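The values are calculated or read from the model by the stated rules, or taken from the named source; none is laboratory data. As the structure is a computational prediction, the values presented were derived from the model and not from experiment. Don't worry about glycine lacking a Cβ; one is built from the backbone with ideal geometry, like all the others, and counts go over all protein chains shown. In case anyone asks, the SASA skips ligands and DNA or RNA and just uses the protein heavy atoms, side chains included. Shrake-Rupley method; radii C 1.70, N 1.55, O 1.52, S 1.80 Å.
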Amino acid sequence: MSSPSYQTEPGGLGTRPSVSAGTLWAGGFATGVVAALAYAVGVVIVRVLFDIPVLAPERDGALGDATTWQLTLVAFGAALLATALMHLLLVTTPRPFAFFAWIMVLATALVTVLPFAQNAPTSSKIATAIINLVVGAAITSLISGVAARAVRPARPNAPYGDPPDVGPGPQTRGYGYPPAAGYPDSHPGDPYGPR
């Protein structure tokens, strides 16, 4: 998905695209729900299909213990934090999508490797790492997509500032300004003819 351009016309004033905060944060909240559910589904799949007691002792059943549900809330919070990061980057930095992608890739790599530092069976470490990787990738892709829809491209800068609201028609010329008094509406050799 192509990200909105942050470039302006040569000689422009550096106008940035506007960000629809409502669209961005609604998408961020929905991403949080997806992340929490993805974490819970990942735990159930690993514990039921592969019989690996990931994130909790086996006696706690398919859904794990309270720690499992705390981690689903952490996944929800991570999505909201990623939304806040994206919002900040959109309004402050050039190439915000590239910075967001790098930050999220490195953060996802970190949470994917962290389980291997725990004192747990290797199978549990691998399963937890895979769940973390999937959730991190989901948050990254969904927030990037939502942000692309929340950005409104900047209008190119007119050389003499914003034109007045004058509709098109024979009374206008140039950027919507009416013709100066005493001047014809077209000039000899004007390739566009009468305006």
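Checking the conditions here, which among Phe116, Phe97, Phe76 is at pLDDT 90 or above and either under 19 Å from Val34 (Cα atoms) or open to solvent by 80 Å² or more (accessible area, probe 1.4 Å) (or both)?
Result: Phe76 is the single residue among Phe116, Phe97, Phe76 that is at pLDDT 90 or above and either under 19 Å from Val34 (Cα atoms) or open to solvent by 80 Å² or more (accessible area, probe 1.4 Å) (or both).
If Leu55 satisfies every condition in (1) open to solvent by less than 40 Å² (accessible area, probe 1.4 Å); (2) at pLDDT below 75; (3) under 32 Å from the mean Cα position of the chain (by Cα) but one, which is the exception?
Exception for Leu55: condition (1).
Considering each residue of the stretch 85-94, count those that are without any contact (Cβ under 8 Å) to a residue 12 or more places away in the chain and loosely packed, with under 15 Cβ neighbours inside 10 Å, and give that number.
Selection size over the stretch 85-94: 3.
Quickly run through the stretch 126-141 and pick out the residues that are farther than 16 Å from Leu81 by Cβ and crowded, with 19+ Cβ neighbours inside 10 Å.
Ala127, Thr128, Ile131
Give me the pairs, please: first residue somewhere in the stretch 115-135 and over 15 Å from Thr72 (Cβ atoms), second residue anywhere and basic (Lys, Arg) and buried (at least 17 other Cβ atoms within 10 Å of the Cβ), beta-carbon distance under 8 Å, and either six or more positions apart or on two chains.
Filtered contacts from the stretch 115-135: Pro115/Lys125; Phe116/Lys125; Gln118/Lys125.
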